[in-house]
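Participant: Input: one structure, supplied below.
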Amino acid sequence: VFGLGNKTYEHYNAMGKFVDKRVEELGGRRVVELGLGDDDANIEEDFVTWKEKFWPAVMDFFNLEFKLQDISMRQYKLVSPPMDLPQEKIFKGEIARLRSFTNQRPPFDAKNPYLATVKAWKELFKGGDRSCMHIEMDTSGSKLRYDSGDHVAIYPVNDSELVQKFGDLLNIDLDTLFSLQNIDEDSTKKSPFPVPCTYRTALSHYVDITACPRTHVIKEIADYATNQEDKEKLLLLASNNPEGKAYYQKFVLDDCRSLLHILEDFPSCKPPLDMVCELLPRLQARFYSISSSPKVHPTAVHVTAVVVRYTTPTGRINKGVATTWLSSKKPEDGVVHTVPCYIRKSQFRLPPRVQTPIIMIGPGTGIAPFRGFLQERAFLKSEGRPVGENVLYFGCRKKDHDFLYEEELNSYVQDGVLKLRVAFSREQAQKVYVQHLLKEDAKDVWRIIGQENGHLYLCGDAKNMAREVLETLILIIQTEGNMSEADARSFIKKMEGQRRYATDVWS
């Protein structure tokens with residue numbers, strides 16, 4: 001068993017560990033120890049290291065002897081569609097069904113996303129060189145339903161300039177029509193993505209061109225390097241020896257190089273573009289916590305997202321695929337923009353009883369689902385319902401720059417719906433974060449979660465913030481609830497089991 005996980009999450013590799021243990025309980029004999037892949041570090045290196053132990057163990061266990069030889073990883077062959085193929089038979093970016101974007105019909109889901117119209121786009125940051133978007137998408141007529149706390153999945157499109165670079169580097173007309181067909185005719189998966197389509201469509205809609213390539217991809221393209229030095233370096237990058245692993249870590253992962261960057265840096269390497277399209281992973285939908293309530297906005301979904309943009313150690317500027325694409329969706333000059341999307345249900349839910357008090361912790365765009373929660377509770381209060389206490393811990397850098405939804409939050413405070421606690425991390429010499437404010441409010445935090453059966457929600461960065469907030473909560477429970485550390489951790493576990501402690505975090 002080799003498990004896939006991420007150390008920043010609490011239940012690290014839980015499924016791999018469970019399967020390994022359960023097979024043993026059922027009488028299975030472990031040929032090689034359980035492997036644990038950590039996506040927070042280098043999951044492929046973890047797998048390669050485990051695989052190096054796996055094959056010798058299998059050979060030994062079954063008394064086998066054979067020489068492993070290098071074989072092509074290609075699963076599909078290039079097929080040229082007829083030149084006179086009608087346009088309506090060619091995929092233009094649809095996820096599964098041909099012409100699903102021109103002939104929309106419910107139900108809408110991962111294979112059949114709804115083309116929502118962008119009806120509002122607003123910049124939330126008031127200064128600095130960063131951008132945070134507030135986007136409102138119209139879902140009227142789609143029959144899409146959501147609850148506060150759910151996620152919207154958005155299918156993005158790759159940057160057209162990056163796409164064109166592939167054509168320029170590999171000397172290919174990107175508007176050439178092509179198809180890929182599984183070499184194994186009995187396979188249920190006939191092609192890696194919807195075909196026939198043009199290379200431009202495939203590189204724009206279907207493959208992830210910005211991710212760091214895995215070593216097997218580099219190994220495959222190395223054969224196409226005509227310069228011997230280029231070829232040797234590429235093969236070293238793809239090798240399993242310590243030198244190769246260290247080179248890959250530095251050159252690809254630390255320097256944030258995509259396959260496009262590697263082709264730029266090894267100009268003699270000109271692999272066939274159909275092979276590149278096959279080897280690259282599929283472009284996945286991006287998930288965003290919905291920042292609105294269906295009670296207030298039944299036919300609209302709101303998204304709050306920071307535009308990702310950073311300079312790599314090689315001096316290149318890398319941009320987030322989805323946020324860069326969404327940043328171009330401003331409804332200006334009568335231009336109508338649409339976004340393919342669907343709703344994913346979440347366990348991040350308001351308490352069933354409106355009177356139950358809640359604590360929400362969400363720095364930065366972690367505020368998104370809580371904006372929906374507050375809209376809902378304010379709406380219920382306006383209807384005369386007795387609404388429980390709502391406490392929000394929000395964190396940002398500076399009040400004048402990135403205090404998201406400041407006016408809206410202050411209106412909830414004035415209406416008696418919200419108690420707001422804001423940590424401005426860079427307004428003083430000593431940095432202040434949400435966990436510091438929690439510690440200051442230890443007695444109130446314990447009153448709500450320990451004495452009034454309140455719910456606590458945490459949304460945002462899993463790597464640092466979520467972990468530090470959890471440790472702060474355990475300290476509060478220990479001191480205010482007179483418990484040992486073990487009992488405090490058990491208390492959090494019990495809250496989780498009762499769905500009174502919920503997290504929506506990402507790394």
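The values are calculated or read from the model by the stated rules, or taken from the named source; none is laboratory data. Small disclaimer: the values here were computed from a predicted structure and weren't measured. Virtual Cβ from ideal backbone geometry, glycine too; neighbours counted across all protein chains shown. Areas reflect the complete protein model, heavy atoms only, side chains present, ligands, DNA and RNA absent. Shrake-Rupley method; radii C 1.70, N 1.55, O 1.52, S 1.80 Å.
Participant: Taking the conditions exactly as written (within 23 Å of the chain's Cα centre (by Cα), basic (Lys, Arg) and open to solvent by 30 Å² or more (accessible area, probe 1.4 Å)), does residue 105 satisfy them or not?
Facilitator: no
Participant: Continuing with the same structure: Among the residues of segment 39-54, are any open to solvent by 60 Å² or more (accessible area, probe 1.4 Å), without any contact (Cβ under 8 Å) to a residue 24 or more places away in the chain and over 18 Å from residue 240 (Cα atoms)?
Facilitator: The answer is no; no qualifying residue exists.
Participant: Could you tell me which residue of segment 246-297 is surrounded by the fewest Cβ atoms within 10 Å (Cβ to Cβ), considering only residues that are among the β-branched types (Val, Ile, Thr) and under 22 Å from the mean Cα position of the chain (by Cα)? Show your work before the answer.
Facilitator: Applying the first criterion (among the β-branched types (Val, Ile, Thr)) to segment 246-297 yields 252, 262, 276, 290, 296.
Retained after the next criterion (residues that are under 22 Å from the mean Cα position of the chain (by Cα)): 252, 290.
Values: 252: 21, 290: 29.
In this case the residue turns out to be 252.
Participant: Would you confirm whether any residue within segment 295-308 is of a type in the set (Gly, Ala, Ser) and on the phi > 0 side of the Ramachandran plot?
Facilitator: The first filter runs over segment 295-308 and keeps only residues of a type in the set (Gly, Ala, Ser), leaving 300, 305.
Now narrow it down to the ones that are on the phi > 0 side of the Ramachandran plot: none.
Taking every residue of segment 295-308 in turn, none turns out to be of a type in the set (Gly, Ala, Ser) and on the phi > 0 side of the Ramachandran plot.
Participant: It is to be established whether one or more residues within segment 151-164 are closer than 16 Å to residue 261 by Cα, among the β-branched types (Val, Ile, Thr), open to solvent by less than 30 Å² (accessible area, probe 1.4 Å) and at pLDDT 95 or above. It would help to see each step written out before you state the result.
Facilitator: First, the residues of segment 151-164 that are closer than 16 Å to residue 261 by Cα: 158-164.
Still in the list and also among the β-branched types (Val, Ile, Thr): 163.
After this cut, where a residue has to be open to solvent by less than 30 Å² (accessible area, probe 1.4 Å) as well, the list is 163.
In the following step, the residues that additionally are at pLDDT 95 or above were identified as 163.
Yes, the conditions are met somewhere in segment 151-164.
Participant: Tell me the residue from 388, 366, 315 that is open to solvent by 20 Å² or more (accessible area, probe 1.4 Å), small (Gly, Ala, Ser) and not in a strand (DSSP E or B), please.
Facilitator: 315
Participant: So, in segment 298-312, how many residues would count as being in a loop (DSSP other than H, G, I, E, B) and open to solvent by 50 Å² or more (accessible area, probe 1.4 Å)?
Facilitator: Counting residues in segment 298-312 that are in a loop (DSSP other than H, G, I, E, B) and open to solvent by 50 Å² or more (accessible area, probe 1.4 Å) gives 3.
Participant: For segment 372-382, give me each residue that is among the basic types (Lys, Arg) and either open to solvent by 20 Å² or more (accessible area, probe 1.4 Å) or not in a helix (DSSP H, G or I) (or both).
Facilitator: Selection gives 381 alone.
Participant: Can you name the residue in segment 336-358 that is hydrophobic (A, V, I, L, M, F, W, C) and under 16 Å from residue 136 (Cβ atoms) and, of all such residues, is most open to solvent (accessible area, probe 1.4 Å)?
Facilitator: 336
Participant: Got at least one residue in segment 446-461 being at pLDDT 95 or above, among the charged types (D, E, K, R), in contact with a Ser or Thr (Cβ under 8 Å, 6 or more places away or on another chain) and farther than 24 Å from residue 148 by Cβ?
Facilitator: No, that holds for no residue.
Participant: So residue 74 clears everything in (1) modelled with pLDDT of 90 or more; (2) among the charged types (D, E, K, R); (3) on the phi < 0 side of the Ramachandran plot except one condition, right? Which one?
Facilitator: (1)
Participant: What are the residue pairs meeting all of these: first residue in segment 450-479, first residue over 21 Å from residue 497 (Cβ atoms), second residue in a loop (DSSP other than H, G, I, E, B), Cβ atoms under 7 Å, and 6 or more apart or on different chains?
Facilitator: Listed by first residue and then by second, the contacts come to 460/362; 460/363; 463/8; 463/507; 465/363.
Participant: Take segment 131-164 and flag every residue that is within 17 Å of residue 328 (Cβ to Cβ) and touching a strand residue (DSSP E or B) at 6+ places or on another chain (Cβ under 7 Å).
Facilitator: Residues satisfying the conditions are 131, 132, 133, 134, 135, 136, 137, 154, 155, 156, 159.
Participant: Taking the condition of being open to solvent by less than 20 Å² (accessible area, probe 1.4 Å) and at pLDDT 95 or above, how many residues in segment 462-480 meet it?
Facilitator: Selection size over segment 462-480: 6.
Participant: Quick check, is residue 324 in a helix (DSSP H, G or I), at pLDDT 95 or above and open to solvent by 20 Å² or more (accessible area, probe 1.4 Å)? Please lay out each step first, then the result.
Facilitator: Values: in a helix (DSSP H, G or I): yes; at pLDDT 95 or above: yes; open to solvent by 20 Å² or more (accessible area, probe 1.4 Å): yes.
Yes; evaluated as a whole, the condition is true for this residue.
Participant: Output the number of the condition that residue 240 fails; it satisfies all remaining conditions of (1) at pLDDT 95 or above; (2) part of a loop (DSSP other than H, G, I, E, B); (3) open to solvent by less than 70 Å² (accessible area, probe 1.4 Å).
Facilitator: The number of the failed condition is (1).
Participant: While we're on this one: When only residues in segment 423-443 that are open to solvent by 60 Å² or more (accessible area, probe 1.4 Å) and acidic (Asp, Glu) count, which is farthest from residue 469 (Cα to Cα)?
Facilitator: So, considering only residues that are open to solvent by 60 Å² or more (accessible area, probe 1.4 Å) and acidic (Asp, Glu), the one farthest from residue 469 (Cα to Cα) is 427.
Participant: Of all residues in segment 174-195 being assigned to a loop (DSSP other than H, G, I, E, B) and within 15 Å of residue 275 (Cα to Cα), which is most open to solvent (accessible area, probe 1.4 Å)? Before you say what the answer is, go through the steps one by one.
Facilitator: Start the filter on segment 174-195 by keeping residues that are assigned to a loop (DSSP other than H, G, I, E, B), which leaves 174-176, 183-195.
Filter once more, so that each one left must be within 15 Å of residue 275 (Cα to Cα): 174, 176, 183, 191-193, 195.
On the way: 174: 3, 176: 57, 183: 98, 191: 32, 192: 14, 193: 7, 195: 27 Å².
Looking at the filtered set, the residue picked out is 183.
Participant: Still on this structure: Filter segment 200-237 down to residues that are outside any helix (DSSP H, G or I), among the aliphatic types (A, V, I, L, M) and either open to solvent by less than 20 Å² (accessible area, probe 1.4 Å) or over 23 Å from residue 180 (Cα atoms) (or both), then give me how many there are.
Facilitator: Total meeting the criteria: 3.
Participant: Any residue in segment 98-121 that is closer than 24 Å to residue 332 by Cβ and in a loop (DSSP other than H, G, I, E, B) sitting within a Cβ distance under 8 Å of a residue that is modelled with pLDDT of 95 or more and open to solvent by 50 Å² or more (accessible area, probe 1.4 Å)? List the pairs, counting only those 6 or more apart or interchain.
Facilitator: Listed pairs, sorted by first residue: 101/92.
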